[in-house]
Each structure stands twice: as C-alpha cells, then as structure tokens.
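Undergrad: Submitted below is the structure of interest, expressed as structure tokens.
The values are calculated or read from the model by the stated rules, or taken from the named source; none is laboratory data. Here the structure is a predicted model, which means the values were calculated and not measured. Glycine gets a Cβ as well: all are built from the backbone with ideal geometry, and neighbour counts include every protein chain shown. To get the accessible areas, we keep the full protein, side chains included, count just its heavy atoms, and leave off ligands, DNA and RNA. Shrake-Rupley method; radii C 1.70, N 1.55, O 1.52, S 1.80 Å.
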Amino acid sequence: MTKPVYDALSLSLSYLFMALGVAIVLCGAAWARADRRARKAASEPSTEAVGYLKLTGGTSKRVSPKQWFPVPVEGTVGSARACDVYIPSAEIPGKAGRFTLTQVGMLFSPVGGGSVSVNGIAYRVPVLLDEDSRVEWGSLSFQLNLLDGARDLAAARITPPLSDGSTVEEEPSARRLFRLRRGSPLDSVESDESAETDESDESDEIDYPVDTDDADELTESAATDAE
Amino acid sequence: MKRIRRTAGLITGIFAVMFLCLGGFFTYNVTVYSDRWFADPANPNIIHTDGVIPGSVYDKNGMSLAKSVENAQGDYERVYAENPSVRRAVSQLLGDTEGQVANGVESFMAAYLLGYRAGWTARLGQLFSDEPRRGDNIRLTVDAMLCKYAAEHFPAGKSGAVVVLNYKTGEIRAMVSLPNFDPATDDHAPGSYFNRATNVLYPPGSLFKLITYAAALKELPGVESRTFNCGGRFTVDQLSIVEANGATHGAVTLRQALEQSCNITFAQLALEMGYPAIERQARAFGFNDTVLFRDLVVKDSKYPTTSPTRDDLAQSAYGQGRVETTPLEMALVAATIANGGTMMEPKLLDRASSTASGGLPVGSSVYRKVLDDSRASILKEAMVAAVQVGTASQASIEGYRIGGKTGSAEVSSDKTVPTHAWFTGFIDDPEHPLAICVLIEGGGSGAIAAAPLAQDILREAIRLKD
Amino acid sequence: MARWDLRQRLVMLVMLFTFALGMLAMLHGAPVSGASTMYTADFTALLITIGLLAMIFIGAYLFPKWIGADPLLMTMMNFLCSLGVLVQYSISRGSGLYHALWYAIGSILMVVVSLAVRRVKTLRRWWPHLAILAAMLLIAPLFNTVNGAHAHIPIQRVTDAVTGRSIITLSIQPSEGVKILLIILLADMLSGHSWRPDSVWAMGFAVMCVGLLIAEDDLGTCVLYAMTALLMFFAATGSFTLLFTGVAGGAGSAWLVYQNTGKFRTRVEQWLNPFMRVMDDKGGVGLKGYQIAESLMALAAGGVHGLGYGIRDTFRWVPEYSNDFVFSVVCSQFGAVFALAVLAVYVVILFRGMRIAQRARRRFHALLAIGVTALIGFQTFVIVGGVVNMFPLTGVTMPFISQGGSSMLSCMMLMGILNGVYACADQDEQDARAILGQYSAVRSTFIWTTREVGG
C-alpha cells in the first residue's frame, strides 16, 4: 500500500472516528441513564418498605397518626436525619435501633442506652417482631405492620422473644435450612454464641457506626431537630 | 449507608464540575490559542515538513514575495522577491521559519503554507496526483511597492516603522520596519530582525492626546465649549510642564489644543478626570488588554495606572511617563477615528488557495466599536484641523482632506537626547480610506520629521491605488 | 438498527471503531521511521484487532454472565483499552504488542480480583502484612532513581529513531501496586466496627504512603493518593470539616513545597510560561517548558479532526509520548473532538463507578468502589490537566492508554474491584428480593420449609 493511498484512507477515516467517539459517549450515557431508571423502577429492596410503623399511641408535635413510616429490609430507626426510618420526635433517641429482616422475621436491635419496649416488655437485646407488634418509646407507641412476603416470614417465626434478657436463640437447624447462600447480608442476627461465627461473619453486616460518640452526634442533631 | 450514598452522590457532582472545567478549558484554549501554538517556530510539524513544499507568498498585486524553487540538487529552497529593495522592505513582515523574526508571515501562517489548512477534497486530490505535495499559496493584503517606497524614503540611518492600513476593511497595505535585512544574502544590521511596527513598545507622546481627548468628551460634558489657559508653564507637584519650543498657546479650546498639541491643556484634563476615565478609554482602544488578532501578533500597549502621584497622571495625558505603545496600535487609533469609531480587525491574509490565483477572499471583521459616532466625528474634525492649521500641516496633500496628529515623544529627561518623531493620520476619502502611522526613533520633532514622510507615503499610496 | 437495545448499539459502535482503527493499523504495518513511500501490511495487527474485538464481546456479554461484571463499565473500559493498544501500536510494534499482552493479563487479573472481592470478607488479620508490603513497594524505587520522577524501574530502553531520544519501553512501577493496597486497606479500616481506633490506623497508613512519596519526590502520585484517601475519609465519615481541612492542608503543603523544592517550582514556572525562550545548559536557546510546549503544539496540529492515524510521526517530539503525554498523541492523531469524547468516556466510567458505590449493600464495598472511582477520576483529571496546561504537570499516567505494564495491570485490577462490588451488590439485591418473596417459587419453598420445621 502506497503512502498517498494510506494517507487518503486515514484522513477520511479520521472524520469517522470523530463521529464514532461522540456516538460512543452519547450511547454510553444513554445506557447509564436507562439503567438507572430501570433500577429505580424495579425498586431496590433495600429502599423498598417491607413494612411500616404507624403511630398508635401518644402525641407528638411532629408525628401525626396519619403518617406511616416505611421500614426497609434493613436500616436504622431514630430521630436523627441520617437514619433510614426517620421519626422526628424528641422522645426517640438519635439512633434508637436497627431493623433487619431476617429469615426468621423482622429483628429489632435496640442501640445504646435508650429504653424501648416491645409489646410492653422493655428490651435491650435484639428482639424478633411479628405482625402487629407494638414498639414504644417514651409515650409514643408505634405499631409495626409487615407486608406480604415478610408477613409470611413473620408468621413462620419459631421462637418467641424471651423476657429475661437472654439472647434470642436460633435453631441451628432452621438457620441451615434458610441459609440461601453463605455470607448473605441478611444473615445478620447478632448473637453472642452463634456457633458458626468466626471473624468472617462480622463484616457481613452492613453496619453503621455504633460508637457512643457517634450516637452523641445523632442525639445532638435529633435535639436540634426537635426544637 | 444512606450517608455513604449521599456522599457518593456529592463526590460525583464534584467530579462532574471538575471535568466540565477541564473540558471547557481545553476547548477554549484549543479554539483561541492553537493558531499561536502552531505558529511557534519550534513546532516540529513546521520544522519537519514531511516532504511538503511550502506554498508561495504573494502581495496584493500578485508579486511573488517568497516561493519554493527546486535547485540543482533536487531540494527545494526558498527564493524571495527579485528586487533587493522590495526584499528588504518586507523582510520583517515575511519573517522566516527559524525563529529569528518573531511571528513573521512565513512562520505565523505556516499552517497555510504547509498545507495544514487545506480542505479535505484538495488534500485527497493532491495525494493522488504524482506531483510532490505542496502547501497552500497565500496572498497578502500588503502592497510591496508601497513598502519599498516607505523603506527607501525613510530617513537614512534612523530606525523606526511605518504602518499603512485601510480603515474600512482593516487590510494592512504596508508594514515596514527599519533597519531591515536581506533574506537572500542574509545581510543584516544589529536589531534588524525586530518588527518595530508590532513588536516594540515606545512612548506615544502627543499622539496619546487623541485618547485623552476622547475620554474628556465622554467624561466631562460641555468640555467642547470650555476654554483652557495655556501659560507656557504649568507645575503639578514636582513636575513642571512646558510646551514644545517654549511656546505659549494662551486661551485655547479643546480643538485648538489638539491642533497645537498643547501639553498643559491635556494635563489639566487628566488631572480633572483621573486615571480610571482615561484608562477606560485607552482600554477601549486596546491598551492594557490582551489583544489576539487573527493574522498577526502585536505586543500589548500599556497604560499603567498604579502610580499615585499626580505628576504621572498629568504626564500620561500626553503620552509620556510609562505609557507605551506600538506603531500599529497608533495606526489603529487613527483608523478607528476615521472610520466613525469602529475599529476593524487588522488583516494580512487576503486569500489562501492551492493554485496561484484562486481561492476565496477572507472577509473583514469588526474588532470593536470603540467610539460612538459623534465623538468620532469630533475627533476626526480636530485631526483634520490639525493638518489644515495645526502642527501637522506638513502632512497635507492638495486635493485631499487629511487628518493627522504629530508627536515628539521624550525618551529621557536629558534634553539633548532627540525625541521620537511620531505621526498618525488618515485620508478622509472613500476612494482612499487609508490610515498611516510613522515612527522615527530619535527623529526629533514629529511635525518636522514624521509628517512630511507620511505625506510622501500617502501620496504614493494614492498613486499606487490606480 | 432501531430494534437493537442500547447495549447492542454501544457494543456495535465500539466494535466498529476498533475494527476500523485496527484495519488502518494493519494496512499501515509496523511504523517505520523516516520517509517511506510503501507500507507493508502487518498481520500481527490483524491478530491484535481480532483479539480486541473478542475482548469487547466477552466483556459485554460473557463476563456479566460468568462473573457478574457490569457490561457498561466493561464496554467503556474495553473501548479505552482498544484505543490504547492501537495508539501504542502506532508508536511502535513492540509497544503495541506489549500493551496487548498487559491487557490480556490484566483481564485475567480483573476476573480474579472481582471474584476475590466477593469471597474475602475482611482483611483485618492481614493489615500488618499488607501495610508492610505497601511500604516495601514504595521504598523500592528509592534504590533505583533513574528517571526519578516516575519511580520507574526501567527494564528495557530503546532509542527513538526519529528524535534520537531514549525511550523506556518496558518498566515496572511499584507504586502502582500500592494504589490498590491503599484503597483496599483504607476501605477495610474505615468500614470497621469500632470506628475510632481503626480510623487512626487508616490515617496513619495514608500518611505513611504520602510521606514516602514525598520523600521520593513523586509528587503526582502523592497528590493522587492524598486526594483519594481524603475522599474515602470523607465518604466514610461524611464530615465536611475533614474535607475542608484536608483540602486546606493540601493547598498549604503545596505552597510550602513550592517555596522549597526546586522541582515543583520549576514545574510551576513551566506551567505559566511554556513558550518562553530560555538558555539551556548547552548554551543554546530552548523553550522553558518544552514538554508542555511540544504537547500544546501537538494539540494545535491535531486541530478538529486530527492529522490522521499513522500519517505523521511528529508526535514523537513530545517527550514521554508513550506514557504521560499519550493524550497529546491521541489529540494529534485523532483531533480535539475525539479527545474530548475520550475524556467523556472516562467521565462515564466515573459516574458508573459512583453508581456502583451507591448500589453496594455493604459499607466495605461502598468504600471500595468510592476509592477506586476517586482514584481513576483524579488520575485522569491530573494527567489531562497537566497535558493541556491547566495546572503544572505531574508524573502520573493515563489509565488504560498509557504504556506501562504496572499501570495497565493496576487499572484492570481496580476495574475488577468495581466489578466485584457490582456483582456483590447484584447478588445481595437478589437475595433480598428472594427473601421478600417476590419470586413466588422461592416464597412457596420458604413457607413450606418453615412450616415443616415449625410444625
């Protein structure tokens, strides 16, 4: 191939490359946008509610009985804005606890020094909630309603919560049966003596800083919110 | 997790802004500056021409100023105009490709001469023909014979510059800088590689009064009907202002002050207006501004405003102190006034084409509207009066309305050092819309040395037009 | 064409580009220096092109199926890599082959890393080992300060036939490996349970890396690491105070370095006035910032649509044209519009990376993705900014396009991390959905199973 012919070809193609470059960028951007929309439409479970909290007792300036608070698959609840279930009330601590949907039901893990009672019983350890459980902070009481599939799970709950403060016992057999895949993030029941816990399980949890300093920061922001 | 998600979104935003700035910077610079980058003589694309024969340079009448000719060994060398006088006259304008002359046509327009600006079809056509590849030929707007005349009639032994341009279209008819060199024989005097018309700064002297006048018309309403008193000596703080030849002008109007080139009047005007007003007007004309013309590179003119003393302010009114400019800029000032306040972009390139005579002419463009019509016409009349009855009388040409302003710029407080002789002016005639600027370094009085030279050159320009 | 979905369209466009450019490369043959009038076709280029096309296909369709990779990310990355391989080929045949080789190895590594991300839960017991490894990698170049700015350990050097300059064609840059370690370790430390003590370790590790780099005078990479670490801290803590303090600290230390180090100050002056003529050591006259000036002249020569691939080799006058200034080479051969498009492709990768970070379900993964994206983003920003003279030049390479095995491998591994996070996020989402019972088959199994046990 002689130089002039090659040069002519290359020069002509340079226009093509220019057009292709622009086309690739636009197509890629369009795909990214379409993908994003599709995701939103498919509603990621982590942001979709599996249930909701409804105010059933007590009065609060900023929480009205008509307001339903969606509860996600997992997330924190509290009066700090950063919480996934944000309930703007001074009676609720900044980070009050964490909801986690597990194979055995909706688990509620209180955090820090706040006192929360479930169905009238004060807990400081993780407790399994079922349909229509009542969660109370101070004078406010909320009812938890679970949706659809979660309800089935909750109904299939095996072990009632213990009131003597001991941890929730989990049937090892149930666990084995329900385990879809090793290391699933939903496999996050906190228990002191879970048999299979090794170091690797610890960071399965999608965690949130639990440090007291952090809780102080959240409480602070909750206090300013409540003012 | 929510917090991490939000932060991730925030970071995305930060990156988007960063890359947008990068893209914008890139686009802006490549659009505005790439011509200048390419024209740098160190550009390997120019040095290594890849077998492309540089195109020829013609003046507006088709005279060949530079072309590539095959020599006995089969190489191509650059051959300049035949007439040595013409060669020398356009030497700095043409420049060279080795970087000795800054931004001459040969290097600044190398993109045309080496074929980088050729259209797609032209390039393909060339590729398939058997001849060696050639760049485009360019035709300039200058008139080589006018340049020759100007160079020959310049006072012998003196340095300086002459610029003649068409104020309606911005086309440059002549750009000559002395001393010059001979590209064919490489005979050059020291300093002959400088293009004094565009690349060297000088104090404008009384020529700057045009700008002060324009500023006064805007800032001081009714200044036209005021009378100023010139007593021959005016003391500011430490500065004592006198007139040329110790003259006393007495009571003058502003126009008379311009005709007679009265320093004291303009100094008083400056003291009244202050720096900002004059600087605004000077900036409108192109001082203190980064000027980016398409066809040529001009050094930026300066009007410094940082001195707090009233002495400097007063001096700056008549172009002394630290005010500096180029002859091209002064020609543009005269051209703007003659053109009703509109400054056209100076144009060197008439057309570029792959054949000797074809090609589409490049259009003229307005650079800026500097003055409104009324002020421009006032200044125009004042300049015409200066030629008819004022200091610029040596520039008058019978049968034509010539406007002009002379200047004698001091370069040292030592009175024995001769001043630079300046003249800038125009022909007020639609048939010959020419503006001119003459600078003679150390030429003495502008009225005596520069104005007659301008008169000669303008006469020749009128003659050459036909 | 209208019936094709976006993925197919994009893949077709990228393949078309690769094919056309590859054909040109093949027709041009191996680059010969000097004026030549005949080009002989080189079939190695054809093989390379076929390989590139295969990689594009695999990346868009097969990897997502096998390892859960993100097809958009893969396609964009493959586009850049194809461009890189063919641009390197236009520099020299060996360079192109090496780059293709690194691309292949890098792809394997990418798969390995993305699978590893899904398996490895925590690195806590490996911190000390990894940190020491990082320190060793950073210190190694101190013993070999040839071409000190890059902390390169050159392996092979050739003399460029056109310019007579000596060009490194094969080298190792250990600091590239540290990039990955930095991100992984920081992500792990910052996602730990008890935040406060771990963050001290994290900060200490970051400072150590930065300090070593300053000691080596490798300011570009140092800035890169510092900014990435800063962004990771910012993401982990959400504290604006930290961010602003970090930025202010960076600016302050930059000012300090400017006062002291000769090299940085030279760079700043070169940035401001690249075309100024100065006397160089040999008594001749040179350009003050000749690297930048040559790069700018190459940009100007490219114009809008470029000089054309393989037509002129004047880009060889740009120093470091195969690694740092490869963006100038792209500009000069393909034009400014295409170069902007390449920049936009990097931005798309960035956005996608951030999106992956947002979709991650675990803190560790999210921080990993943010770190990777920030690193690639900053690296591209810094090098392109230096090349177009937006700010002083630093010695970092262009991801995917620059020559250099370590650069390519580390970038592919970073992409592997992103793919791993994407796959995990995908899998976790599917798990969650399954739990919710949106897939009726699983739901009924659930109910049946639980009733069995409970009953």
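Undergrad: Using a 10 Å cut-off on Cβ atoms, rank the peptides C:265-274, B:261-270 from the highest mean neighbour count down.
TA: On the way: C:265-274: 17.1, B:261-270: 25.9.
Sorting C:265-274, B:261-270 by mean packing, highest first, produces B:261-270, C:265-274.
Undergrad: Moving to a separate point now. Return a whole-number percent for the relative contact order of chain B, with Cα pairs under 8 Å and 6 or more residues apart as the contact set.
TA: So the answer I get is 15 percent.
Undergrad: Magnitude of the Cβ-charge dipole of chain B, K/R +1 and D/E -1, about the Cα centre, nearest 20 debye?
TA: My answer is approximately 1680 debye.
Undergrad: Arranged from highest to lowest average of other beta-carbon atoms within 10 Å per residue, in what order do the peptides C:361-368, B:449-456, C:59-66, B:218-225 appear?
TA: In decreasing order of mean packing, C:361-368, B:449-456, C:59-66, B:218-225 become C:361-368, B:449-456, C:59-66, B:218-225.
Undergrad: On average, how many beta carbons from a partner chain sit within 10 Å of the beta carbon of a residue in B:41-54?
TA: So the per-residue partner count for this stretch is 5.
Undergrad: Give the accessible area for B:Ile457 in Å² (nearest 10); use a 1.4 Å probe, count only protein heavy atoms, and leave out ligands, DNA and RNA.
TA: Only protein atoms counted, so the area is about 0 Å².
Undergrad: A further question on this structure: If DNA, RNA and ligands are ignored and the probe is 1.4 Å, what is the ranking of B:Asp75, B:Asp372, C:Asp428 by accessible area, most exposed first?
TA: Working: B:Asp75 95, B:Asp372 65, C:Asp428 0 Å².
Largest accessible area first, the list is B:Asp75, B:Asp372, C:Asp428.
Undergrad: May I pose another question? Which is farthest toward the positive dipole end of the stretch B:1-51 among B:Ile47, B:Trp37, B:Phe25, measuring Cα position about the Cα centre, with Cβ charges +1 (Lys, Arg) and -1 (Asp, Glu)?
TA: Going by the Cα projections, it comes out as B:Phe25.
Undergrad: With just the Cα atoms defining each centre, how far is the stretch B:198-270 from the stretch A:1-25? Give it in Å.
TA: The stretch B:198-270 and the stretch A:1-25 have Cα centres separated by 63 Å.
Undergrad: So what is the relative contact order for the stretch C:265-361, in percent, with contacts set as C-alpha pairs under 8 Å and at least six apart?
TA: Rounded, it is 22 percent for the stretch C:265-361.
Undergrad: Residue by residue, what Karplus-based ³J(HN,Hα) values in Hz, rounded to whole numbers, does the stretch B:238-245 have, using 6.51, -1.76 and 1.60 with θ = phi - 60° and x for Gly and Pro?
TA: Result, ordered by residue: 9, 9, 10, 9, 10, 9, 5, 6 Hz.
Undergrad: Can you compute 3J(HN,Hα) from phi for each residue in the stretch A:129-143, using the Karplus curve 6.51 cos²θ - 1.76 cosθ + 1.60 with θ = phi - 60°, rounded to whole Hz and x for Gly and Pro?
TA: Whole-Hz 3J(HN,Hα) from phi for the stretch A:129-143: 9, 10, 4, 6, 5, 10, 10, 10, 10, x, 8, 8, 10, 10, 10.
Undergrad: If you don't mind, there's one more thing I want to ask. Below 8 Å between Cα atoms, with a sequence gap of 6+, how large is the relative contact order for the stretch B:205-465 in percent?
TA: On the way: 516 pairs, mean separation 44.6, N = 261.
Reported relative contact order: 17 percent.
Undergrad: So, one more: How large is ³J(HN,Hα), in whole Hz, for each residue of the stretch C:106-113 in order, when computed from phi with the Karplus curve 6.51 cos²θ - 1.76 cosθ + 1.60 and θ = phi - 60°, using x for Gly and Pro?
TA: Along the stretch C:106-113, the couplings run x, 5, 4, 4, 4, 4, 4, 5 Hz.
Undergrad: Could you work out, residue by residue across C:76-85, how many beta carbons of other chains sit within 10 Å of that residue's beta carbon, and then give the average as an integer?
TA: Across the residues of C:76-85, the mean count of other-chain Cβ atoms within 10 Å is 1.
Undergrad: What pairs in A:Lys3/C:Lys263; B:Lys158/B:Lys302; B:Lys299/B:Lys380; B:Lys60/B:Lys218; B:Lys415/B:Lys465 have C-alpha atoms more than 32 Å from each other?
TA: Violating the 32 Å limit, Cα to Cα: A:Lys3/C:Lys263; B:Lys60/B:Lys218; B:Lys415/B:Lys465.
Undergrad: To make sure I understand the rule: partners must be lysines, Cα under 16 Å from the Cα of A:Lys66, and not fewer than 8 residues away in the same chain. Which ones qualify?
TA: A:Lys54
Undergrad: What figure in square angstrom, to the nearest 10, would you give for the accessible area of C:Trp317 with a 1.4 Å probe?
TA: 60
Undergrad: Per residue of C:329-342, count partner chain C-beta atoms within 10 Å of its C-beta, then hand back the mean as an integer. Display every interim value, and only then the final one.
TA: Numbers: counts 0, 0, 2, 1, 3, 5, 6, 7, 8, 7, 5, 9, 10, 3.
Mean partner shielding for this stretch: 5.
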